[in-house]
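Here is the structure we will look at, set down as structure tokens.
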Amino acid sequence: MSPILSVRNLSRSFGAIKAVDDVSFDLAKGELLALIGPNGAGKSTCFNMLMGQLKPSSGTVQLLGKNIAGMQPRKIWRMGVGRTFQITATYASMTVVENVQMALMSFHRKLYSLTTFAHTLYRDEALSLLDTVGMVDQAERHCAVLAYGDLKRLELAVALAHDPILLLMDEPTAGMAPRERIALMQLTADILDAKGVSVLFTEHDMDVVFSHAHRIMVLNRGQLIANGSVDEIRNNPQVQEVYLGGGTLFNAVQEDAHA
Amino acid sequence: MGLFIAQILTGLANAGALFMVASGLSLIFGVTRVVNFAHGSFYMLGAYVGYSLMQVLPGMVGFWGAILLAGIIVGLIGVIVEICVLRPVYSAPELFQLVATFGVILVIQDLVLMIWGPQDLLGPRAPGLKGVIRIMGEPVPQYDIALIVITPFVAFALWYLITKTRVGTLVRAATQDREMVSALGVNQAWLFTGVFFLGCALAGLGGALQLPKGGADLLMDFTILGSVFVVVVIGGMGSLPGAYLAAVIISVLNVFGVTYAPQSTLVLMFVVMVVVLMFRPFGLLGKEEVAGEHGQVGEPERPIKPAGNRIRLLVAAGLVILGLLPLYSGNFAVVLVTDILIFCLFAASLHFMLGQGGLVSFGHAAFFGGGAYAAALFVTYADTPMELALVLAPICAGLAAIIIGWVCLRSTGVYFAMLTLAFGQLLWSLAFQWGDVTGGDDGLVNIWPSDWASDNSVYYYIAFFLCTGGILLLRQAAHAPFGYAMRAARDSARQAEAMGINTKRVQLVAFTFAGIMAGLAGGLFVFSKGSIFPNELETARSFDALIVVFLGGVKTLSGGWVGAAFFEGIKDYLTRFEYWRLALGLSIIIVVILGPEGIVGSLRKAGERFGLLKVPEDAK
Ligand SMILES: Nc1ncnc2c1ncn2[C@@H]1O[C@H](COP(=O)(O)OP(=O)(O)OP(=O)(O)O)[C@@H](O)[C@H]1O
Ligand SMILES: [Mg+2]
């Protein structure tokens with residue numbers, strides 16, 4: 001079966017820094033693929049290029065055979081890619097359910113309508129999405145006062161609103177308590193299984209990665225140094241060195257202080 | 001050839017003052033991230049203070065001493081302003097800072113009026129430099145040569161200060177990274193104050209230096225502000241060489257403009273700016289700025305809900321009372337309320353894009369005055385009847401908004417604010433300088449409603465329906481998906497783009513929509529007054545709208561028209577006082593610092609405190 005996402009020779013530099021250096025990989029349908037690496041390895045930069053927030057210096061990104069490198073995020077979204085951000089991005093002046101409704105209004109191309117009341121549009125759909133991430137009881141809350149973990153859940157619901165075929169999740173569990181992390185990742189995995197969505201995610205918490213990823217790729221200083229099954233990665237001496245050398249132990253829960 | 005060189009020299013001489021003011025603004029922005037809209041006022045102060053000092057200090061030493069002293073005194077006044085007005089609002093969103101500095105403009109205007117009186121002051125000539133020298137037969141004032149020589153010295157001194165001294169290192173560090181400065185163990189507050197001193201002193205110096213050329217008058221503050229923004233935008237915010245380069249370009253261009261295209265000197269400068277921006281959105285020598293990374297002041301904005309039945313009944317009752325006004329009140333009240341309604345629509349249109357869209361426009365009068373001028377021009381030159389003119393006014397304003405919005409929306413935050421202000425100035429210059437068509441300063445007169453509508457009460461109904469209709473439409477738009485899309489683009493452009501929203505397009509449509517509504521208000525305005533003058537396009541008019549929106553309450557849905565109604569209502573009363581600007585300026589500053597929720601926000605709070613309104617769960 002041909003892969004959903006196929007990345008070839010993707011590179012991006014900032015001045016002299018090669019943040020992402022000649023990265024190539026494939027993502028199969030239904031796969032839960034983890035991209036790991038120490039702080040500053042280039043994971044977020046990679047995500048930003050896949051979703052169009054950054055233009056690659058070179059390389060191609062094919063989504064279902066179509067090159068999307070350099071396209072604008074909104075176009076890529078319309079092709080069925082969703083994402084969550086490392087630093088949550090939500091609409092602080094809206095309620096929780098309105099945040100999801102916003103995505104649905106955009107999906108149904110209702111953005112320029114002046115005659116309807118937005119808060120009634122696609123409300124039921126939005127509520128059922130909130131239900132899948134366990135946020136339905138907070139639907140009417142003001143987004144600005146949510147706890148961080150709830151914001152992450154909300155972002156997930158928002159990212160699922162247009163029935164994506166591919167989901168990019170940049171550190172979905174960062175800033176959460178360890179127990180919450182496992183629970184959220186389990187939830188994500190279940191949802192994705194049910195909907196058949198493919199996922200690329202980054203994560204610092206190795207417990208989360210090892211227990212949920214189907215496959216793992218390791219990025220270090222912009223370069224992919226390993227790509228394989230959980231066991232292969234766990235026992236890869238080069239990976240161990242990168243992590244030990246970087247001061248990060250596999251089972252340490254590392255908080256993300258990096259913006 | 002001689003003339004050509006002479007003109008270049010004049011241009012270079014004029015660039016001096018412009019550069020000093022612009023570099024001051026740029027420096028202050030670089031370090032504090034505040035665009036000091038009162039910078040033109042410090043320039044004006046420099047001229048007045050310099051004038052007085054020159055009266056006291058005699059001779060050559062006195063003259064140059066006066067200029068230096070004027071710079072220092074203005075710098076110290078800047079320090080007072082920084083400590084009292086800006087320190088409390090550094091962490092607030094841009095809008096609050098801009099409005100605060102606008103309060104300072106008003107205060108300084110009245111203080112200058114109070115101290116120096118309303119008449120223009122003729123600057124003294126520089127002792128020893130009163131003559132001209134001939135360059136290839138063309139006379140060039142000696143003072144111009146002096147300015148050409150002095151400016152690079154000032155520029156060099158500044159450059160030296162910034163790049164070679166410890167103070168400069170700190171300034172550069174602060175410009176690049178705030179945290180780093182506190183890490184260096186520097187008292188950030190005093191660094192800001194110091195930079196403010198330097199920036200204001202430069203503005204004062206510029207004002208005093210140009211005394212022999214231009215004298216001092218009460219309009220200097222706004223006149224220079226437009227040019228300074230253009231210079232800063234062209235040169236690149238935060239770049240000193242850029243400021244110098246742009247000041248020279250603009251000044252030389254102006255001198256040539258006066259000779260070859262006397263009617264378009266002001267317009268020329270904006271054309272250059274637009275061209276530069278198309279190719280370099282951050283100016284010739286500027287770096288990409290991430291403007292607007294500010295915190296929220298006070299509570300986060302609450303979610304909105306369409307009005308419930310009780311409120312709707314209340315609004316309907318209010319509209320009925322308003323609608324019956326001509327039946328129970330005299331002509332005076334009818335005319336006054338017509339004015340109020342028109343101003344309410346104007347303010348509501350600004351509030352719509354500012355409140356929902358986060359687009360802080362400082363040139364909204366362009367569309368109000370633009371609509372008014374469009375209607376007046378059609379009536380004057382094409383005998384257009386009122387009914388048609390009232391349709392054409394918003395259409396023309398909308399077209400202008402599409403073009404202006406397209407250019408301005410290439411940038412964000414403070415750049416956007418400065419660009420809109422510059423475009424407002426552009427339209428004003430068009431109306432002002434293109435006298436053959438627009439009547440220039442004399443305006444266009446005899447623009448009266450059609451016969452059937454010439455009675456004040458009938459015209460009142462026209463204004464009543466169009467204005468309340470417009471305001472209700474704007475409000476509906478806020479509750480519609482479009483209003484939500486605007487808020488999405490404002491709250492998180494990153495997320496909005498990642499969910500298929502073309503944020504720039506949403507903003508352009510919002511900008512245009514607001515422009516159309518302002519144009520409608522302008523059309524109604526011109527027929528109610530029978531005339532239109534360039535001052536309806538002035539920056540001061542844009543500020544009027546901004547101030548009422550702000551005082552009404554930015555973070556509320558009704559702030560725009562409530563603020564407008566309140567202030568248009570008390571305007572007659574207020575302007576009876578000689579120094580009302582001073583009072584207004586001070587109140588603005590106090591509101592920014594103490595009550596940023598505005599009238600509506602404060603009323604809502606009071607209502608909740610006394611149990612008249614329900615407090616949302618999450619706001620407790
Ligand atoms: N806009 C930018 N300009 C300059 N350098 C950047 C920019 N964005 C990222 N970088 C640099 O690129 C490198 C990779 O950053 P990136 O954010 O992709 O790392 P990451 O793997 O996501 O790290 P983290 O785990 O901390 O999120 C870093 O050295 C970073 O400093
Ligand atoms: Mg990252």
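The values are calculated or read from the model by the stated rules, or taken from the named source; none is laboratory data. Model, not experiment: these values are computed from the prediction. With ideal geometry, Cβ positions are generated from the backbone for all residues, glycine too; neighbour counts draw on all protein chains shown. To get the accessible areas, we keep the full protein, side chains included, count just its heavy atoms, and leave off ligands, DNA and RNA. Shrake-Rupley method; radii C 1.70, N 1.55, O 1.52, S 1.80 Å.
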Legend entry - Using θ = phi - 60° and Karplus 6.51 cos²θ - 1.76 cosθ + 1.60, couplings along the stretch B:429-445 (whole Hz; Gly, Pro as x): 4, 4, 5, 6, 8, 8, x, 4, 9, 9, x, x, 4, 7, x, 10, 10
Inset, instruction - Quantify how strongly other chains surround peptide A:137-146 by giving the mean number of their Cβ atoms within 10 Å of each of its Cβ atoms. - result: 4
Inset, instruction - Just round it to a whole percent: the fraction of Cα-Cα distances in the stretch B:179-261 exceeding 15 Å. - result: 72
Inset, instruction - Return one number: the angle in degrees, 0 to 90 and rounded to the nearest 10, between the long axis of the Cα atoms of helix B:188-209 and the longest principal axis of the Cα atoms of chain B. - result: 70
Legend entry - Most to least accessible of B:ILE501, B:ILE115 (protein chains only, probe 1.4 Å): B:ILE115, B:ILE501
Legend entry - Inter-site label distance for B:LYS164 and A:SER57 at 7 Å from Cα along Cβ, in nm: 3.6
Inset, instruction - Using +1 at the Cβ of each Lys and Arg and -1 at the Cβ of each Asp and Glu in the protein assembly as shown, identify which of B:ALA431, B:TYR460, B:SER52 lies farthest towards the dipole's positive end. - result: B:SER52
Legend entry - Normalised per residue, the volume of the convex hull around the Cα set of the stretch A:90-159 (Å³): 77
Legend entry - Under 10 Å, Cβ to Cβ, from B:THR193 - net charge with Lys/Arg +1 and Asp/Glu -1: 0
Legend entry - Cα gyration tensor category, rounded, prolate or oblate, for the stretch B:529-620 with a/c compared to 1.5: prolate
Inset, instruction - Read phi for every residue in the stretch B:467-472 and hand back ³J(HN,Hα) as whole Hz from Karplus 6.51 cos²θ - 1.76 cosθ + 1.60, θ = phi - 60°, with x for Gly and Pro. - result: 6, 5, x, x, 5, 5
Legend entry - Proximal aspartates and glutamates relative to B:LYS605, as straight alpha-carbon distance under 16 Å, when same-chain residues fewer than 8 apart are discounted: B:GLU299, B:GLU301, B:GLU597, B:GLU617, B:ASP618
Inset, instruction - With r as the distance between the Cβ atoms of B:GLN476 and A:ASP193 and R0 = 51 Å, compute the FRET efficiency 1/(1 + (r/R0)^6) and round to 0.05. - result: 0.75
Inset, instruction - Place +1 on the Cβ of every Lys and Arg and -1 on the Cβ of every Asp and Glu in chain A, take the dipole about the Cα centre, and give the residue among A:SER6, A:LEU156, A:ILE68 whose Cα lies farthest towards its positive end. - result: A:ILE68
Inset, instruction - With a ≥ b ≥ c taken as the square roots of the eigenvalues of the C-alpha gyration tensor of the stretch B:12-85, please select rounded if a/c is under 1.5 and otherwise prolate if a/b is larger than b/c or oblate if it is not? - result: oblate
Legend entry - Solvent accessible area, Å² - A:VAL158, 1.4 Å probe, full protein context: 10
Inset, instruction - Provide the solvent-accessible area of A:LEU146, counting protein heavy atoms only and rolling a 1.4 Å probe, rounded to the nearest 10 Å². - result: 20
Inset, instruction - For n ≥ 4 DSSP H runs only, could you compute -39500 (n - 2.57) per run for chain B, divide by its residues and tell me the 222 nm figure to the nearest 500? - result: -24000 deg cm²/dmol
Legend entry - FRET efficiency, 1/(1 + (r/R0)^6) with R0 45 Å, evaluated for B:ARG410 and B:ILE83 via beta carbons: 0.80
Legend entry - Size of charge dipole - the protein assembly as shown - debye, nearest 20, with Cβ of Lys, Arg +1 and Asp, Glu -1, no other charges: 660
Inset, instruction - Using only the alpha carbons of the stretch B:337-539, determine the length spanned along each of the three principal axes and report them from longest to shortest in whole angstroms. - result: 54, 35, 24
Legend entry - FRET efficiency for B:PHE153 and B:ALA382, using Cβ-Cβ distance with R0 set to 56 Å, rounded to 0.05: 0.50
Legend entry - chain B: relative contact order as a whole-number percent, Cα under 8 Å and 6+ apart: 20
Legend entry - Tail fraction, Cα-Cα pairs, chain B, threshold 47 Å, whole percent: 15
Legend entry - Helix axis angle, B:39-56 relative to chain B longest principal axis, alpha carbon, degrees: 50
Legend entry - Area accessible to solvent at A:PHE107, 1.4 Å probe radius, in Å²: 90
Inset, instruction - Heavy atoms only, probe 1.4 angstrom, no DNA, RNA or ligands counted: give me B:MET237, B:MET278 ranked by accessible area, highest first. - result: B:MET278, B:MET237
Legend entry - Peptide A:80-93, shielding by other chains (average Cβ, 10 Å cutoff): 4
Inset, instruction - Quantify how strongly other chains surround peptide B:504-516 by giving the mean number of their Cβ atoms within 10 Å of each of its Cβ atoms. - result: 1
Legend entry - Proximal charge balance of A:MET185 [Cβ under 10 Å; K/R count +1, D/E count -1]: -4
Inset, instruction - Determine, for each peptide in B:73-85, B:488-500, the mean count of other beta carbons within 10 angstrom over its residues, then list the peptides with the highest first. - result: B:488-500, B:73-85
Legend entry - Order by protection proxy (mean Cβ within 10 Å, highest first), peptides B:526-532, B:306-312, A:132-138: B:526-532, A:132-138, B:306-312
Legend entry - Eligible lysines near A:LYS152 by straight Cα distance, threshold 21 Å, same-chain separation 8 or greater: A:LYS43, A:LYS195
Inset, instruction - Could you let me know the centre-to-centre spacing of the stretch B:35-59 and the stretch B:488-516, using Cα atoms, in angstrom? - result: 43
Legend entry - Amide proton proximity set for B:VAL132, modelled H, under 5 Å, gap of 5+: B:GLN142
Inset, instruction - Quickly work out the A:ALA147-to-B:THR575 label distance, labels modelled 7 Å from Cα along the C-beta direction, and quote it in nm with one decimal. - result: 5.7
Inset, instruction - Could you rank B:VAL230, B:VAL360, B:VAL275 by how accessible they are, 1.4 Å probe, largest area first? - result: B:VAL275, B:VAL360, B:VAL230
Inset, instruction - Using Cα positions and a limit of under 23 Å, work out the lysines in reach of A:LYS110, with same-chain residues fewer than 8 apart set aside. - result: A:LYS75, B:LYS305, B:LYS504
Inset, instruction - Count the net charge of all other residues whose Cβ sits under 12 Å from the Cβ of B:ALA564, scoring Lys and Arg as +1 and Asp and Glu as -1. - result: -2
Inset, instruction - Highest first, please rank the peptides B:122-131, B:317-326 by the mean number of other Cβ atoms sitting within 10 Å of their residues. - result: B:122-131, B:317-326
Inset, instruction - Treat each spin label as a single point 7 Å out from the Cα along the C-beta direction, and report the A:THR115 to A:GLN186 distance in nm. - result: 4.9
Inset, instruction - Please label the shape of the stretch A:102-258 as rounded, prolate or oblate, based on the square roots a ≥ b ≥ c of the eigenvalues of the alpha-carbon gyration tensor (a/c under 1.5 means rounded; beyond that, a/b larger than b/c means prolate, else oblate). - result: prolate
